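Just below is one structure, and these are the notes that go with it.
The values are calculated or read from the model by the stated rules, or taken from the named source; none is laboratory data. It should be emphasised that the depicted structure is a prediction, and the values quoted were computed from it without experimental measurement. Don't worry about glycine lacking a Cβ; one is built from the backbone with ideal geometry, like all the others, and counts go over all protein chains shown.
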Amino acid sequence: MASRPTFLTNGMCRQAMLRPSKSHTRFSQQLPAKRRLATAGSQETPKPFNEPNLHYTPSSPERKKLIAAVQELRTKIPVRVPTISNGEDVTSQSSQPESSAYMPSEASSVFATFTPATESDVSAAIKAALKAKQAWQDTPWVDRAAVFLRAAELVSGKYRFELMAATMLGQGKNAWQAEIDAAAELADFYRFNVAYAEEIYSRQPTINERGQAGRTDWRPLEGFVYAISPFNFTAIGGNLISGPALLGNVVLWKPSPSNIYASYLVYKILREAGLPPNVIQFINGDAELITKVALGRPELAAINFTGSSDVFRSLYGKIADGVKEKKYRDFPRLVAETSGKNFHLVHSSADVSNAVKHTIRASFEYAGQKCSACSRIYIAESRAEQFFSEMKQELSKVEVGAPEDFASFTGPVINQAAFDKITKAIDESNKDSRLELIVGGKYDGSKGYFIEPTIYSAKDVDHPMFNRELFGPVLIAHVYPDAEFDQTLTKIDQQGGNFALTGSIFATDPTAIRKAEDRLRYAAGNFYTNCKTTGAVIGQQSFGGARGSGTNDKAGSANMLMRFTAPRTLKEEYSHLDSVLYPSNA
């Protein structure tokens, strides 16, 4: 943001906002409201910035610290994720059997255990959140902002390597992928969300009639927000809860079991940063049970979701039924980022070597388990031979292996269900006469869920693989005649399983680039030129797609945060009305 708004507010001084002290936080919470509101003045929060990435090169200090963190975590496995009550870890009294999350790189090893919540646990959590709501939304804005600014410092400092170790062992990410997720992006979300919230609060009427004044009260939603986060990004869970909470909402948070421990660390960090108990309810357990209870409450105000399109469609339908039955006090807001069947387009004018390298990263980093991963590619016929030749050469350098092995580029897929789904598709494709195997096509589940980067070339552009989402390291390619660039644009727009998340063109011909931008305007919510489809950076490229890929509210922007506000317009007149009649009545 080039400039930052200032506004009048009551609260603590700017220096206090950044002090990551638990004693300071307790002190400020214990002060009487009048005393805490005694300081008035023009207030602005610090400008956000993108957390610099550490590189983890051999013998670097950060590599040594990360190795130590991974080794320490291994001594604690399986880690126990506690039940949370009133913001504190408690020993669960539930008769429910414990659930386990396994390490994707060592499928027989339990990584984390937890006690699933019962229906009464979920109901109690919602009740506690609603009870805490008034005090939280009445907390001065600068005090709420301070919690997340402190959390950003804890994420990027004290807890950086612990978070990364949890993300590596629990989710199968290598050092670089864990760095850009659990350290950098999570800190970015906290810092930039503060800036976006301040931007929203600064939006006030600029014109008033003489003798009157108006303003906008950016209220939080009246009920609670239900946040459902996926396995593949630690930062996503942190964002799904932080945006609504920052604006004064209370949140019921259901993280993925495959990301349960890293999510618990995120919750711990927020509490240490000063988040009051019960504002965010961290709930472990069965998604169907938790969702049933949450969607059965009339106070449900919004769902903040990242996951599969099919799951979101189910949620959408249940909410629609509830609205029709007048179950809810409000019309619940639905915010979602879901699936993708994302594309690269290689034009005849492309720098092929660049396109190859970007495609490998987009398709095979984190084993293709990113909603933005490239899983279909269209290559101009005149460049296809060079493209596939260089692809084989570059992929020969790529190692598939355990995430803590720094030589590993592609790690495991997340669990047995994902492994079975993807390998079944590979087995079918290996026997499909319509497909040519370019590279890969092999897998090994003897120890972990490892699948080689795999590329198939389809002679028929209408092959079903161009619409089938696998969420794994499998890329389907089609070679198109150079003269059929326009027809290929049409086909790209029509294909992709009705998803429209990310896409990219590789070209140096400006006419081709502009034509692709125009013709593929609705094919991707994030469109790139000479760059891979993955790696959107908060503050630089807000993220989200439409069609079957979600509600396109754009994570990493003020747009998404606005979905969790209920603005109220206020007007005050300073003069009195002289007559009930209009001048024209004379």
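Quick notes
- Some residue of segment 495-504 being among the polar types (S, T, N, Q) and in contact with a Lys or Arg (Cβ under 6 Å, 6 or more places away or on another chain): yes
- Verdict on VAL580 being under 28 Å from the mean Cα position of the chain (by Cα), part of a loop (DSSP other than H, G, I, E, B) and either surrounded by 18 or more Cβ atoms within 10 Å (Cβ to Cβ) or β-branched (Val, Ile, Thr) (or both): no
Listed here are the residues, each with its yes/no results for (1) surrounded by fewer than 20 Cβ atoms within 10 Å (Cβ to Cβ); (2) within 27 Å of the chain's Cα centre (by Cα).
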site	(1), (2)
SER100	yes, yes
VAL110	yes, yes
ILE126	no, yes
LYS131	yes, no
ALA135	yes, no
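- Within segment 371-382, residues that are farther than 12 Å from ILE505 by Cβ and basic (Lys, Arg) sit with their Cβ atoms under 6 Å from residues that are at pLDDT 95 or above and assigned to a strand (DSSP E or B), at 6+ positions apart or across chains, in these pairs: ARG376/PHE343; ARG376/ILE476.
Matching residues to (1) farther than 30 Å from VAL461 by Cα; (2) in contact (Cβ under 8 Å) with a residue 24 or more places away in the chain; (3) hydroxyl-bearing (Ser, Thr, Tyr):
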| position | (1), (2), (3) |
| --- | --- |
| SER256 | yes, yes, yes |
| SER263 | yes, yes, yes |
| ALA273 | yes, yes, no |
| GLU299 | yes, yes, no |
| ASP321 | yes, no, no |
| PRO332 | yes, yes, no |
| GLY340 | no, yes, no |
| VAL346 | no, yes, no |
| VAL352 | no, yes, no |
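- For segment 385-412, the set of residues classified as in contact (Cβ under 8 Å) with a residue 40 or more places away in the chain, out of contact with any Phe, Trp or Tyr (no Cβ under 9 Å at 6 or more places or on another chain) and either in a helix (DSSP H, G or I) or outside the structural domain of GLY472 (by TED's automatic domain parsing) (or both) consists of PHE387, PHE388, MET391, LYS392, listed by residue number.
- The number of residues in segment 287-307 that are surrounded by fewer than 16 Cβ atoms within 10 Å (Cβ to Cβ) and either farther than 27 Å from ALA135 by Cβ or modelled with pLDDT under 95 (or both) comes to 3.
- Where PHE343 falls short, out of the listed (1) surrounded by fewer than 23 Cβ atoms within 10 Å (Cβ to Cβ); (2) not in a helix (DSSP H, G or I): (1)
- Residue within segment 521-536 that is of a type in the set (Val, Ile, Thr), within 21 Å of GLY411 (Cβ to Cβ) and surrounded by fewer than 20 Cβ atoms within 10 Å (Cβ to Cβ) present: no
- Test result for ILE377, buried (at least 20 other Cβ atoms within 10 Å of the Cβ), modelled with pLDDT of 95 or more and farther than 24 Å from ALA524 by Cβ: no
- Taking segment 243-323 and the strands (runs of 3 or more DSSP E) fully enclosed by it, no element has 3 or more residues that are under 28 Å from TYR201 (Cβ atoms) and among the β-branched types (Val, Ile, Thr).
- Residue check, LEU395 among the aliphatic types (A, V, I, L, M) and either out of contact with any Ser or Thr (no Cβ under 9 Å at 6 or more places or on another chain) or modelled with pLDDT under 95 (or both): yes
- Within segment 544-571, if we keep just the residues that are over 19 Å from the mean Cα position of the chain (by Cα) and surrounded by 10 or more Cβ atoms within 10 Å (Cβ to Cβ), the residue that is farthest from ASP493 (Cα to Cα) turns out to be LYS571.
- Qualifying strands (runs of 3 or more DSSP E) (wholly inside segment 68-173; at least 3 residues being in contact with a Ser or Thr (Cβ under 9 Å, 6 or more places away or on another chain)): 79-81, 99-103, 106-114
- Segment 442-489, residues that are part of a loop (DSSP other than H, G, I, E, B), buried (at least 17 other Cβ atoms within 10 Å of the Cβ) and under 30 Å from the mean Cα position of the chain (by Cα): GLY448, TYR449, GLU452, PRO453, GLU469, LEU470, PHE471, GLY472, PRO473
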